Amino acid sequence: MGGLATKHNVSKVLMKHQELSRYVPETRFYDPELLRTMLQRYKMVYVKPNNGTGGRGILRAEKTENGYRYQFNTKVHIFRTFQGMVQSMKQLMKDTPYVVQQGIHLLKHKGRAFDLRIMVQVNPRGEWETTGILGRVSHPDKIVTNLARGGVAVSIETLMKERASDLAQFKSRLYKFGERASRHLHKAFPRIKELGLDIALDRDLKIWILEANPRPAIYGFKDLKDKSIYRKIYRYHKAYGDR
């Protein structure tokens, strides 16, 4: 599978790894009946373009006490019937291939959801190395944390200092996790030189791999106080040339 690192392909590869599979939310190709089944199971799911980047085109669908609803960008659409919701979503999705992903309720910082971007790159020695971790706090009215969609870059120290009993140990765990996941994905996608792993943390601080981006944006790391992180990421990034 040396081809495209799409959301579905990444999920499938990770699910084949005995240890990593438990960190992967259920992710399947979209069809209406599957959406119905997964909403019954999880109550909330994300519906994402299979080849999407930058948080574009993502919907969050929910089963409520009185029916169904989904949010796209800042607007919430409410329906009494499942079929009504599906018809409305279809107009947005058009003919683009989508996946349905088990919804993970993200931790919040000052009332706004956040996730973590773990940057993992091949270093000059040819080894996978975690070069930085960035917290991404969502825009207050949006469902995605992407900086291109109004999210804000925040250090992991700010986000986790009151949540992780031993922050240094927690960061070390994330660094090793990023490298382990990247080495495994590299076997299936040998052309990749860097990955932006988007990690959700649930209320129990369990890690969930939301996405693995083979062409991750790095500008968010510029906003961190420690400028050496961005400098190293940029140096490795430039070394690949035109990927």
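Going by what's in this entry, would A181 be described as under 18 Å from R22 (Cα atoms), under 15 Å from the mean Cα position of the chain (by Cα) and not assigned by TED's automatic domain parsing to the domain that holds Q71?
Criteria met by A181.
Inside region 13-47, can you point out the residues that are touching a helix residue (DSSP H, G or I) at 6+ places or on another chain (Cβ under 6 Å) and under 28 Å from G150 (Cβ atoms)?
Matches in region 13-47: V24, T27, V45.
Only one residue in N213, N146 is surrounded by fewer than 21 Cβ atoms within 10 Å (Cβ to Cβ), closer than 22 Å to Q102 by Cα and of a type in the set (S, T, N, Q). Which one?
When all the criteria are applied, what remains is N213.
Give me the strands (runs of 3 or more DSSP E) completely within region 23-92, filtered to those with at least 2 residues that are outside the structural domain of I209 (by TED's automatic domain parsing) and farther than 30 Å from R180 by Cα, ordered by residue number.
Of the strands (runs of 3 or more DSSP E) lying wholly inside region 23-92, those with at least 2 residues that are outside the structural domain of I209 (by TED's automatic domain parsing) and farther than 30 Å from R180 by Cα span 59-64, 67-72, 75-79.
Give the residue that is nearest to F114 (Cα to Cα), with candidates limited to residues of region 163-178 that are among the charged types (D, E, K, R) and more than 19 Å from the chain's Cα centre (by Cα).
Going through the qualifying residues, I end up with R163.
Quick one: how many residues across region 220-229 are more than 9 Å from G132 (Cβ to Cβ), surrounded by 12 or more Cβ atoms within 10 Å (Cβ to Cβ) and not charged (D, E, K, R)?
Qualifying residue count, region 220-229: 1.
Tell me which of these L107 doesn't satisfy, since it passes every other one: (1) within 15 Å of the chain's Cα centre (by Cα); (2) surrounded by fewer than 17 Cβ atoms within 10 Å (Cβ to Cβ).
Failing condition for L107: (2).
State all residues of region 27-73 that are modelled with pLDDT of 95 or more and among the β-branched types (V, I, T); if no residue qualifies, say none.
T37, V45, V47, T64
Please verify whether I199 is under 18 Å from the mean Cα position of the chain (by Cα), over 23 Å from I104 (Cα atoms) and either surrounded by fewer than 19 Cβ atoms within 10 Å (Cβ to Cβ) or not charged (D, E, K, R) (or both), treating the condition exactly as stated.
no
The values are calculated or read from the model by the stated rules, or taken from the named source; none is laboratory data. In this text the structure is predicted, and so the values were computed from the model without any measurement. With ideal geometry, Cβ positions are generated from the backbone for all residues, glycine too; neighbour counts draw on all protein chains shown.
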